[in-house]
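The values are calculated or read from the model by the stated rules, or taken from the named source; none is laboratory data. Owing to the predicted nature of the structure, the values given are computational and were not obtained by experimental measurement. When we count neighbours, we look across all protein chains shown, and the Cβ atoms used for this are built from the backbone with ideal geometry, even at glycine. Side chains included, ligands, DNA and RNA excluded: accessible areas come from the protein's heavy atoms. Shrake-Rupley method; radii C 1.70, N 1.55, O 1.52, S 1.80 Å.
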Amino acid sequence: MKLYSTLDKKIVEIQPNKEGEISMYNCGPTVYYRMHLGNIRAYVNWDILHRALLYLGYQVKRVMNITDVGHMTSTDDFGDDFGTDKMDKQAEKEGIQPIDIANKYIDTVLDDFRALNIIAPNGKEIPNDLTHEKVSEFGWTRATEYINQMIEVVKRMEERGFTYETKQAIYFDVTKIPDYNIFTGQKLDEKKVGAREDVGVDPDKRNPADFVLWMKKVGKYENHLMNWPSPWGEGFPGWHIECSAMGTSILGERFDIHTGGVDHIPVHHSNERAQNIGAFGHPVVKYWIHNEWLVNKEDEKISKSKGADSLPEIVKLGYDPLDIRYLFLSVNYRTKISFSMEALDGAKNSRKALLNKVRELGQEKGKLLEKYVEAFKDELDNNLNMSGALALINEMLKSENSSEDKLATILDFDRVLGLNLNQAISEDSQEYKEGQNEELDSLLRQRIEAKSSKDYLKADALRKEIEELGFKVIDTSQGQIVSKN
Ligand code: AMP
Ligand code: ZN
């Protein structure tokens, strides 16, 4: 498979360490708030990548971390509270312990992922009853469960001379890595984003870009809520060390793919790479892959501090979570998506149109159309060319092949799309038959009339009334199909 490697600055053929098997680490959520659409874009991207790898025949070994210990850095927020621990702050706000904050928001991550049909990092569907208690069985790693491993990695770096200790913290000395700035090409003293981290907090810090590996429970953090013993005193880990420790603990000292948003390139991933070299003598990760942003109309990154919408907020507006999924999967991970209600409406309509076309194929499955399967694989293989894949699907649906074969093929493609297309056909069995509900029958008749006199406003209003009765109406070339909602 070909993907865009940030370090190679080009699309490369992925050559895994182990033939036929891809090991992948996804930088995951920090759990002190309900994730927003920007975060969701990232996770839909990596879900598609995972599914595409499976479709192409790879074995996939994947983990996603959950940052459930507060960290002080933020690339979103350089406001007055910079340097405060977000998890602690939220815990104080909600009047509960930080770990309960983490558990609460892990459960919301699972709810959102489930609704978006995102598979767990271990490749399984997320069961309805999965909660924070068992996430580690599904390929998520919680930072709080890897504190010892983090300490071990810091000890390795310390032994190899990459760290220094101040009264407040253990730091990574970035000057020890000659190509520390390989991602950005910046000179060290130009590294403004990294320089914001902990600035002005510790007078003994040597270089602005040096970063915390272990923060001691002293000074500003005297009252920090989550702490662990360590060789450097009681305290808590820095953010970046989490990913180096968990990635290597689970995937081994060399793994193939590490993903994250483009915001992680200058700081988080530069630091992770530096730590890896410090602890293991090599960068550990073979390919760094980054997703572009979801932006607003002003072309600004959608973020929590700018009041980005969460999934439930979108659902409240009458959209299906899979409309969001469709919007995000239809665009390549390296292309910015400008979020707007118009864009979402476009995705909603496209998804509906696809569902209708699938419904029209009937329920009998034939055989796979190999020509299209191969072409679909080519699109995936080509740096996840999802717009190409969707165009191909349309071409296949329009082709002269039998409905049975088309159905078998589109359902096979849905292993990657994750749009629950098989439910679309089984919903037909929930199809409403005239004569069971008088009120509904009358609304349906009025809607047919409204549509034939091209009064679409009225038809839409009637659709709403029908939905309020608990039914869904879909327009197909054979007329309206009504099913239980
Ligand atoms: P965080 O919880 O802030 O560490 O973010 C989790 C993931 O969401 C990271 O991989 C970010 O890069 C990603 N992310 C945050 N905002 C956006 C956005 N507007 N567009 C795309 N990805 C984002
Ligand atoms: Zn990370």
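Please give the peptides 12-19, 357-364 ranked by average Cβ packing (other Cβ atoms within 10 Å per residue), highest first, as a rough proxy for protection.
Peptide ranking by packing, descending: 357-364, 12-19.
Greater than 19 Å separation of Cα atoms is the criterion. Which listed pairs, 86/316; 86/306; 371/398; 18/286; 216/304; 167/216, meet it? Please list the in-between numbers first.
On the way: 86/316 27 Å; 86/306 16 Å; 371/398 14 Å; 18/286 12 Å; 216/304 28 Å; 167/216 8 Å.
Going by Cα-Cα distance, 86/316; 216/304 fall outside the 19 Å limit.
Of all GluC sites (Glu not before Pro) in segment 385-467, which ones are in loop regions per DSSP and have a Cβ with at most 14 other Cβ atoms within 10 Å?
Values: sites: 395, 400, 404, 427, 431, 434, 438, 439, 449, 465, 467; in loops: 400, 434.
The qualifying sites are 400, 434.
Suppose every K and R has +1 on its Cβ and every D and E has -1 on its Cβ; what is the size of the dipole of segment 231-361 about the Cα centre, in Debye to the nearest 20?
On the way: 16 positive and 17 negative charges, 90 e Å.
Roughly 440 debye, rounded to the nearest 20.
Using a 1.4 Å probe and counting only protein heavy atoms, arrange 101, 11, 277 so the residue with the most accessible area comes first.
If we order 101, 11, 277 from most to least accessible, we get 11, 277, 101.
What are the ³J(HN,Hα) values, in whole Hz, obtained from phi via the Karplus relation 6.51 cos²θ - 1.76 cosθ + 1.60 with θ = phi - 60°, for each residue of segment 275-292 in sequence order, with x given for Gly and Pro?
Karplus-based 3J(HN,Hα) across segment 275-292 equals 4, 4, 5, x, 8, 10, x, 7, x, 6, 8, 8, 10, 9, 10, 10, 9, 6 Hz.
Round to a whole angstrom and tell me the spacing of the C-alpha centers of segment 276-326 and segment 204-218.
So the separation of the two Cα centres works out to 28 Å.
Long-range amide H contacts for residue 338: which residues qualify at under 5 Å (H placed 1.01 Å from N, peptide plane, sequence gap of 5 or more or a different chain)?
The answer is 295.
Translational diffusion coefficient, Stokes-Einstein: compute it for segment 339-485 using the Kirkwood radius over C-alpha pairs as Rh, at 10 °C and 1.306 mPa s, and state it as an integer in µm² s⁻¹.
The diffusion coefficient I find is 94 µm²/s.
Please report the spacing between the Cα centers of segment 448-485 and segment 116-167 in Å, no decimals.
That distance is 49 Å.
Can you divide the C-alpha Rg of segment 432-485 by 2.2 N^0.38 Å and report the result to two decimal places?
1.01
Could you give the dipole magnitude of the chain about its Cα centre, charging the beta-carbon of Lys and Arg +1 and that of Asp and Glu -1, in debye to the nearest 20?
With only Lys, Arg, Asp and Glu charged at Cβ, the dipole is about 740 debye.
From the phi angles alone, apply the Karplus equation (6.51, -1.76, 1.60; θ = phi - 60°) to segment 341-355 and give each ³J(HN,Hα) in whole Hz, x where the residue is Gly or Pro.
5, 5, 4, 5, 4, x, 5, 4, 5, 5, 5, 4, 4, 5, 4
Give me the net charge of residue 150's neighbourhood, meaning all other residues with Cβ under 14 Å from the Cβ of residue 150; Lys, Arg count +1, Asp, Glu -1.
Around residue 150, the surrounding residues sum to -3.
Sort segment 273-326 into rounded, prolate or oblate with this rule: let a ≥ b ≥ c be the square roots of the eigenvalues of the Cα gyration tensor; rounded if a/c is under 1.5, and if a/c is not under 1.5, prolate when a/b is larger than b/c, oblate otherwise. Spell out each step's value before the answer.
Working: a/c = 3.29, a/b = 2.50, b/c = 1.32.
Prolate is the answer for segment 273-326, as a/c is 1.5 or above and a/b outweighs b/c.
Dipole of segment 85-156 (Lys/Arg Cβ +1, Asp/Glu Cβ -1, origin at the Cα centre): which of 119, 95, 153 lies farthest to the positive side?
It is 153.
Helix 239-251 versus the longest principal axis of the chain: what is the Cα-based angle in degrees, 0 to 90, to the nearest 10?
Once rounded, one gets 70 degrees.
Give or take rounding to whole Å, what are the principal axis extents of the alpha carbon atoms in segment 94-188, in descending order?
48, 34, 25
Calculate the tail of P(r) for segment 365-423: the fraction of all Cα-Cα distances greater than 18 Å, expressed in %. Could you put the intermediate results ahead of the total?
Details: 447 of 1711 pairs.
That fraction is 26 percent.
Name the residue from 315, 282, 26 whose Cα lies farthest towards the positive end of the charge dipole of the chain, charges +1 on Cβ of Lys and Arg and -1 on Cβ of Asp and Glu.
282
Please compute the per residue accessible area over the chain with all protein chains in place, 1.4 Å probe, rounded to a whole number of Å².
That works out to 44 Å² per residue.
Taking the DSSP beta bridges in the chain as the whole, what percent of them are antiparallel, to the nearest 5?
Rounded to the nearest five, the antiparallel share is 55 percent.
Just name one of 143, 218, 267: the one whose Cα is farthest towards the positive end of the charge dipole of the chain (beta-carbon charges, Lys/Arg +1, Asp/Glu -1).
After comparing all options, I get 267.
In square nanometres, what is one fourth of the surface area of the convex hull spanned by the alpha carbons of segment 195-348?
Averaging across all directions leaves 12.4 nm² for the Cα convex hull.
Taking H placed 1.01 Å from N in the peptide plane, check which residues at least 5 places from residue 366 or on another chain put their amide H under 5 Å from its amide H.
Answer set, sorted by chain and number: 405, 407, 408.
Is segment 236-279 best put as rounded, prolate or oblate by its Cα gyration tensor, with a ≥ b ≥ c the root eigenvalues, rounded for a/c under 1.5, and otherwise prolate when a/b is larger than b/c, oblate when not? Write down the numbers at each step before the final one.
Numbers: a/c = 1.61, a/b = 1.19, b/c = 1.36.
In terms of gyration-tensor shape, oblate.
Quick one: with all protein chains in place, what share of the accessible area of the chain is carbon or sulfur, to the nearest percent (1.4 Å probe)?
Carbon with sulfur: 46 percent of the solvent-accessible area.
First obtain the Kirkwood hydrodynamic radius of segment 1-152 from its Cα pairs, then insert it into the Stokes-Einstein equation at 37 °C and 0.692 mPa s, and state the resulting D in µm² per second as a whole number.
193 µm²/s
With 20 Å bins from zero, work out the P(r) of the chain over every alpha carbon pair and list the percent per bin.
22, 51, 22, 5, 0
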